[in-house]
1. Under the rule of at least 5 residues apart or a separate chain, name every residue whose amide H is placed under 5 Å from the amide H of residue 22.
2. Could you give the nm distance between label points at residue 39 and residue 96, where each point is 7 Å from its Cα heading toward the beta carbon?
3. So how far, in whole Å, is the C-alpha centre of region 52-83 from the one of region 121-165?
4. Quick one: 45, 18, fewest Cβ neighbours within 10 Å first, how do they rank?
5. Restricting to DSSP loop positions (anything but H, G, I, E, B) with no more than 15 other Cβ atoms inside 10 Å of their own Cβ, which GluC sites (Glu not before Pro) remain in region 116-171?
6. With the cut-off at 25 Å, tell me which of the pairs 18/152; 7/125; 160/182; 5/72; 31/182 have Cα atoms farther apart than that.
7. When only Cα pairs under 8 Å and 6 or more residues apart are kept, what is the percent relative contact order across region 8-184?
8. Give the long-range amide H neighbours of residue 85: residues separated by 5 or more places, or on another chain, with amide H under 5 Å away, using H modelled in the peptide plane at 1.01 Å from N.
Amino acid sequence: MFIMKPKKLNLGCYKDYKKGYINLDFDINCKLDVVHDMNKPMPFKDNEFDEILCLEMLEHLYFPSQVLQELKRILNPNGILIASMPNETNLATRLRILFKGNINCNIMKDLPHHFHFTNVSQQIKFYEQFFSIKEVTYITLTGKLYNKLPWKIKEFLTLKYPNLFCECAVFTLIYPQFIRGKEKVIERNQSEFKSYNK
């Protein structure tokens with residue numbers, strides 16, 4: 001019996017080329033399978049993919065809601081979308097703005113590095129316009145003092161106040177259903193999802 005392998009897309013992969021995925025980005029200086037401007041409709045058929053990775057990419061695009069609508073179109077109804085954006089209102093960023101006056105973002109000459117600055121609560125509302133959230137993985141803050149806290153305290157703070165104590169949230173999304181998935185917390189170095197400052 002022939003079993004088809006799941007078809008997977010790594011969207012906005014940048015330097016994170018993954019075997020077994022179709023790796024797509026617009027940066028021709030990276031190793032890619034498909035070069036494409038993600039602000040334009042995706043060059044794929046309806047329901048083509050069983051899994052889509054979209055990590056730390058949506059905040060770089062002009063109209064992320066249009067991109068999410070496209071991802072819903074190309075995702076198999078039984079598939080999953082794994083998406084993340086930085087949590088721009090965490091405690092470390094707030095302190096950085098207070099004492100340094102910036103958000104530690106790479107500034108390009110003509111355009112801002114990030115077009116959208118969101119927190120976890122806003123991201124939940126954004127994703128739920130198109131998908132159901134099967135699971136949220138909160139990646140904790142890092143830092144010399146914060147790292148000294150016991151894990152249980154970090155886990156409690158992150159689950160109770162994710163907008164303050166989470167560096168990034170990774171959402172596992174599925175076609176809309178009447179469910180709300182589980183939440184968990186991990187350290188940044190335990191995450192299988194690598195993020196890059198693009």
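Where a number appears in this text, it was derived from the coordinates with a stated rule and is not lab data. Here the structure is a predicted model, which means the values were calculated and not measured. All Cβ positions, even for glycine, are placed from backbone atoms using ideal geometry, and neighbour counts span all protein chains on display.
1. For residue 22, whose amide H was placed from the backbone, the distant partners under 5 Å are 8, 9, 10.
2. Output for this residue pair reads 2.4 nm.
3. So the two Cα centres are separated by 21 Å.
4. Values: 45 9, 18 13.
Result, fewest neighbours first: 45, 18.
5. Numbers: sites: 128, 135, 155, 167; in loops: 128.
In loop regions of region 116-171 (DSSP not H, G, I, E or B), the sparsely surrounded GluC sites (Glu not before Pro) are 128.
6. Values: 18/152 33 Å; 7/125 28 Å; 160/182 14 Å; 5/72 20 Å; 31/182 35 Å.
From 18/152; 7/125; 160/182; 5/72; 31/182, over 25 Å: 18/152; 7/125; 31/182.
7. Working: 328 pairs, mean separation 37.9, N = 177.
Rounded, it is 21 percent for region 8-184.
8. Result for residue 85 returns 56, 169.
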